[in-house]
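The values are calculated or read from the model by the stated rules, or taken from the named source; none is laboratory data. Given the structure is predicted, the values throughout are model-derived calculations rather than measurements. As a convention, Cβ positions derive from the backbone with ideal geometry for all residues, glycine included, and neighbour counts pool all protein chains shown. Side chains are part of the model used for accessible areas, which takes the heavy atoms of the whole protein and leaves out ligands, DNA and RNA. Shrake-Rupley method; radii C 1.70, N 1.55, O 1.52, S 1.80 Å.
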Amino acid sequence: MASTSNQHHLTQLIYVSKRSSAVDDSEARSILEISRKNNDKCGIKGVLLVLPEYFFQVVEGPSKNISELMTRVENDTRHSELRILSNKVLSDYEFGVWSMVNVDINTENSDSFVVLDRLAKAKSPTEGQLKGMYFIFKGLSQPTY
Ligand SMILES: Cc1cc2nc3c(=O)[nH]c(=O)nc-3n(C[C@H](O)[C@H](O)[C@H](O)COP(=O)(O)O)c2cc1C
């Protein structure tokens, strides 16, 4: 199993991908379960947002482990058209509370949903859209006790 010791080189990736129509809620839950199990073992943290048509995911962790993870994820047929929206080097976790948290947003009546759906459909997301996405993720990933 990949090492968790190289904390000096953390990579954070944020991507959007098109959710396959074959992925129902129970399939989405099994993605979450396997993610938690695997990510726990290799120091990967993040957020997975499942929208009707898209996945958004933040993953952060030791750079080598992130690149190994992304090789698997990119080849996963449960989604397609994966696009990296942000790629940063970090010295500490920004979404470090969860090995993988799943967040629900109200898709009918939610500003966050509108922002993310527009971003997913945009050919070239604007700086403002990307900032908006980042703040939405930050807000969504706060633990609720
Ligand atoms: C949108 C999406 C996000 C995923 N996120 C993760 C993740 O964070 N960690 C993980 O281990 N697998 C994740 N997976 C699942 C991997 O693609 C893969 O199925 C899983 O890691 C098992 O790989 P293996 O069958 O090669 O062992 C994700 C899949 C999808 C479709």
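Overview of values
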quantity: Residue count, the range 40-69 (criterion: aliphatic (A, V, I, L, M), within 11 Å of the chain's Cα centre (by Cα) and farther than 15 Å from His9 by Cβ); calculated: 5
quantity: Any hit, the range 16-31, residues being of a type in the set (S, T, N, Q) and touching an Asp or Glu at 6+ places or on another chain (Cβ under 8 Å); calculated: yes
quantity: Among the candidates Ile44, Ile34, residue that is near the ligand (Cβ under 8 Å from one of its atoms), among the aliphatic types (A, V, I, L, M) and free of Cβ contacts under 8 Å to residues at least 12 places away in the same chain; calculated: Ile34
quantity: Positions within the range 127-143 being crowded, with 16+ Cβ neighbours inside 10 Å and either farther than 15 Å from Val16 by Cα or hydroxyl-bearing (Ser, Thr, Tyr) (or both), in sequence order; calculated: Leu140, Ser141
quantity: Elements of type helices (runs of 4 or more DSSP H) contained in the range 19-126, each with 3 or more residues being over 16 Å from Lys138 (Cα atoms) and open to solvent by 70 Å² or more (accessible area, probe 1.4 Å); calculated: 25-41, 63-74
quantity: Top-ranked residue of the range 17-26 - restricted to ones that are within 9 Å of the ligand (Cβ to nearest atom) and not basic (Lys, Arg), ranked as nearest to Val58 (Cα to Cα); calculated: Ser17
quantity: The range 47-105, residues that are touching a strand residue (DSSP E or B) at 6+ places or on another chain (Cβ under 8 Å) and hydroxyl-bearing (Ser, Thr, Tyr); calculated: Tyr54, Ser63, Ser67, Ser80, Ser86, Ser91, Tyr93, Ser99
